[in-house]
Amino acid sequence: MATVGGAAAAERFWQRMAIGLAIFIVFGFLQFAARGFADPLSAPAWVHLHGLAMLGWLALLIVQPSLVARGNLALHRRLGWLGAGLALIITGLGVFTGVMALVLHRQPPFFDPAYFLALTAIESMVFGAMVVWAIRRRRATDWHRRLMIGATIVILEPALGRLLPIPQMGAWAEPAVALCQLAAVAFVAAYDWRLRGAVHPATWAVMMVAIATRVAISLLAMTPPVIALAARLAGD
């Protein structure tokens, strides 16, 4: 019974973590629209499709731990493959939406085109890569859970960009986003410490990926090929 109770408590943590991330992301976008900084009705169809796919991903992230806690592993696995499909859509549409934002001049005005291109492409692809990694480690549930949460933490930046005063932060914007993402990882690290007395290797891996992603975006945005591609897309 203690083992069952411990397993249920573990699943509750992952579900609460998923709920927290979902609330944060949805709130970030809703308050941005409510303040008049975006007109959802004028957005292209692919932007709405990307948003729906993301909402589906967040819903699955919340539901999946409860299925495990109830012992419904068959449905958990079936929905897991649905989640893999959603992750593929989110990755592809993330890159496509970033490119089309430049083409249609819909990118945030405070982002340099090269930086925005690197940002949307790298974050989308890292998200997809982490989901693939999590699926490959699905039999190692301790890794699988942390990598799935980690994949979602990597794409917190769009919500953070709508909550933080990015235009006023200048060069401090990138470190601030990184710190916020690492703060989310810290919740998992604290759980690891309570559960194991040490931070799980998968949590360390998520931390390193989050940091490497921010560094890669900044470095790639300064390379001549990316600068030239972004300028062509933007029609400059």
Next item on the list: Kindly provide the helix-only [θ] at 222 nm of the chain, computed as the sum of -39,500 (n - 2.57) over DSSP H runs of four or more divided by all residues, to the nearest 500 deg cm²/dmol?
Entry: -28000 deg cm²/dmol
Item checked: In degrees, nearest ten, helix 141-154 long axis to first principal axis of the chain (Cα) -> 20
Checklist line | the chain: angle of helix 2-34 to the longest principal axis, Cα-based, in degrees nearest 10 | finding: 20
Next item on the list: DSSP loop (so not H, G, I, E, B), at most 15 other Cβ within 10 Å: list which chymotrypsin sites (Phe, Trp or Tyr not before Pro) in region 22-115 pass both filters.
Entry: 37, 110
Note to self: Quick check on region 90-148: what does the Kirkwood estimate of hydrodynamic radius come out to from the alpha carbon pairs, in Å?
What the structure shows: 12.6
Checklist line | On Cα atoms only, tilt of 201-220 relative to the major axis of the chain in degrees | finding: 0
Next item on the list: Normalising by the residue count of the chain, find the relative contact order in percent from Cα pairs under 8 Å and 6+ residues apart.
Entry: 23
Next item on the list: Please work out the FRET efficiency for the pair residue 168 and residue 88, using the Cβ-Cβ distance as r and a Förster radius of 45 Å; give the result to the nearest 0.05.
Entry: 0.80
Item checked: Long-range Cα-Cα pairs in region 85-214 (distance over 23 Å), rounded percent -> 36
Next item on the list: Could you work out how far the C-alpha centroid of region 195-236 sits from that of region 27-66, in angstrom?
Entry: 23
Notebook entry, point to check: Of the listed peptides 48-55, 126-133, what is their order by residue-averaged count of other C-beta atoms within 10 Å, with the highest listed first?
Noted result: 126-133, 48-55
Note to self: At a 10 Å Cβ-Cβ cut-off, how would you order 124, 42, fewest neighbours first?
What the structure shows: 42, 124
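Starting from the Kirkwood Rh over alpha-carbon pairs, what translational D in µm² s⁻¹ does the chain have by Stokes-Einstein at 25 °C and 0.890 mPa s?
132
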Item checked: 174, 123 arranged by Cβ crowding within 10 Å, fewest neighbours leading -> 174, 123
Item checked: Summed residue charge, Cβ within 15 Å of residue 119's Cβ, Lys/Arg positive, Asp/Glu negative -> -1
Checklist line | Pairwise FRET efficiency - residue 37 versus residue 222, Cβ, R0 = 25 Å, nearest 0.05 | finding: 0.35
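Given Cα pairs under 8 Å that are at least 6 residues apart, what percent is the relative contact order of region 1-135?
Computed value for region 1-135: 25 percent relative contact order.
Show me the ranking of peptides 179-186, 150-157, 229-236 by mean Cβ neighbours inside 10 Å, starting with the highest.
Highest-to-lowest ranking by the protection proxy: 150-157, 179-186, 229-236.
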Note to self: I need the P(r) histogram for region 143-236: all alpha carbon pairs, bin width 5 Å from 0 out to the longest distance, whole percents.
What the structure shows: 2, 12, 19, 18, 17, 14, 8, 5, 2, 1, 0
Next item on the list: Give the span of region 14-112's Cα atoms along each principal axis, as three whole-Å numbers ordered largest to smallest.
Entry: 48, 26, 24
Note to self: Place a point 7 Å from Cα of residue 211 in the direction of its Cβ. Which residues in region 161-180 have their backbone N less than 14 Å from it?
What the structure shows: 175, 178-180
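Quick note: the coordinates plus some simple rules give every number you see, no bench work behind them. Since the model is a prediction, treat every value here as computed from it, not as a measurement. Here the Cβ is made from the backbone with ideal geometry for all residues, glycine too, and neighbour counts use every protein chain on show.
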